[in-house]
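Inspection log for the structure reproduced underneath, given as structure tokens.
We did not get these values from a lab; they are worked out from the coordinates using the rules stated. These numbers were taken from a predicted model, which means no experiment stands behind them. In this analysis, Cβ positions are derived from the backbone assuming ideal geometry, glycine residues included, and neighbour counts consider all displayed protein chains.
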Amino acid sequence: MKASDFSGDSWGRLVRVAGGYEAFIPRWLPPPLESTWALTSALSRADRALAELAGAARALPNPHVLVAPFVRREAVLSSQIEGTQASLSDLFFFESGPAFAKSPGAAPPEDVREVSNYVTALDYGLARLETLPVSLRLLRELHERLMQGIGGASLTPGEFRTRQNWIGPPNSRLDDAVFVPPPVSAMERCLHDLETFVHASSDLPALVRIALVHYQFEAIHPFIDGNGRIGRLLISLLLCSEGLLSQPLLSLSAFFEHHRNDYYRLLLEVSRKGAWSAWIEFFLAGVEEQSRDAIRRTKALLDLRQRYRAQFESARSSALLLKLVDGLLEAPVLTIPQAAKRLRITHRAATLNVMKLVEAGVVAEVTGRGRNRVFVARGILGVLEG
């Protein structure tokens, strides 16, 4: 990291760390923001799109049915930004049980485990919000779950770092760093200031506040590993805790992944040049685009659900089949033991019901095996992955 990369308008100051390297200490939030027509317009569009998504969520007959696939989609995309190769199909296969943890051509198991941990952390965080506000304590608890079984004790799951870290190319060293976060002594103060900002009353629009918090967390980089995923997970929690969404249906990671170079560049330019407006406008554009994307996917999933249910209702099928259809929206990869557990019926009865789904074209068997078969609802999976 070169001091010459930072202008007089940078959002912070450089300090020397052990070894003679420069580290960056961000200023306290909030920054002095200039209100422009471009920023006002971006905020208006994002607010309107997010409100439409929130309204669509409230209108769902059972919003909890769609939470699981959207949480998993966010987990996959956020992890892909960090270089994992796991797909949504890989995750669903992994979750279908140990015997089916790897589908043909699947990503390495450790990649899928990282994504699964993200789901666990986000589910935990959403439940924890009922008793604990967004706080440093909650961040540590999320990190502990995110890093469980990943990389060993050296990554100190659930603990803020006690040594210097840096951001750079894979396998880079401190002298190759693109960005060096604050040293530990300054990091602790920065974290407490960030927590104070999160809890303080403010006249700033909620989406702008969340954009500020995301940048500040990434600049502080308080964990040895997992900072990007925790930072994006924090966005989902703040959207819910601020009352902007009742369910985590917004996947900003999809936007960040699609515009990965801009995402990293704009975060860095806040540090180097104090370029807040460009970062906030980018963030708001992501909220608008992904809100509309979530509305489209939600409608497509509900249309499929309605078509499947109408198909079985007209055939006077049992209520068990309708329950299986709703279960496929949550997890479009299914096994016979899962169906038996979900419906609380025998293995033989579950087999009969799943085969009715096969005959109706709702699911297809994908292993080609006589035992330990796996069934996939390709229509539902296509909506989620498309």
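Quick rundown of the values:
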{"item": "Length gained when the stretch Leu129-His258 is fully extended (0.36 nm per residue, less Cα-Cα span)", "result": "43.5 nm"}
{"item": "Summed side-chain charge close to Pro133 - residues other than Pro133 whose Cβ falls under 13 Å, Lys, Arg +1, Asp, Glu -1", "result": "-2"}
{"item": "Estimated FRET transfer efficiency when R0 is 45 angstrom, pair Lys341-Trp28 (beta carbons, to 0.05)", "result": "0.30"}
{"item": "Residue-averaged [θ]222 nm for the chain, counting only DSSP H segments that reach four residues, each worth -39500 (n - 2.57)", "result": "-19500 deg cm²/dmol"}
{"item": "Net charge of Cβ neighbours under 15 Å - reference Gly83; Lys, Arg +1; Asp, Glu -1", "result": "-3"}
{"item": "Segment 3-296, dipole about Cα centre (Lys/Arg Cβ +1, Asp/Glu Cβ -1), debye to the nearest 20", "result": "160 debye"}
{"item": "Given charges at beta-carbon only (K, R positive; D, E negative), |dipole| of segment 265-374 in Debye", "result": "540 debye"}
{"item": "Straight-distance crosslink candidates among lysines, where the alpha carbon sits under 19 Å from Lys341 and sequence neighbours closer than 8 are dropped", "result": "Lys323, Lys356"}
{"item": "Highest average packing first - 33-39, 291-297, 231-237, Cβ atoms within 10 Å", "result": "231-237, 291-297, 33-39"}
{"item": "Highest-first arrangement of 357-364, 156-163, 71-78, where packing means the average Cβ count within 10 Å", "result": "71-78, 357-364, 156-163"}
{"item": "Estimated FRET transfer efficiency when R0 is 45 angstrom, pair Glu110-Ser4 (beta carbons, to 0.05)", "result": "0.70"}
{"item": "Alpha carbon centroid spacing (whole Å) that separates segment 12-67 from segment 201-244", "result": "7 Å"}
{"item": "Burial order of peptide ranges 59-69, 179-189, 211-221 (average beta-carbon count within 10 Å, highest first)", "result": "211-221, 179-189, 59-69"}
{"item": "In degrees, nearest ten, helix 37-58 long axis to first principal axis of the chain (Cα)", "result": "30 degrees"}
{"item": "Partners for Lys2 among lysines (Cα-Cα distance below 29 Å; same-chain residues under 8 apart left out)", "result": "Lys273"}
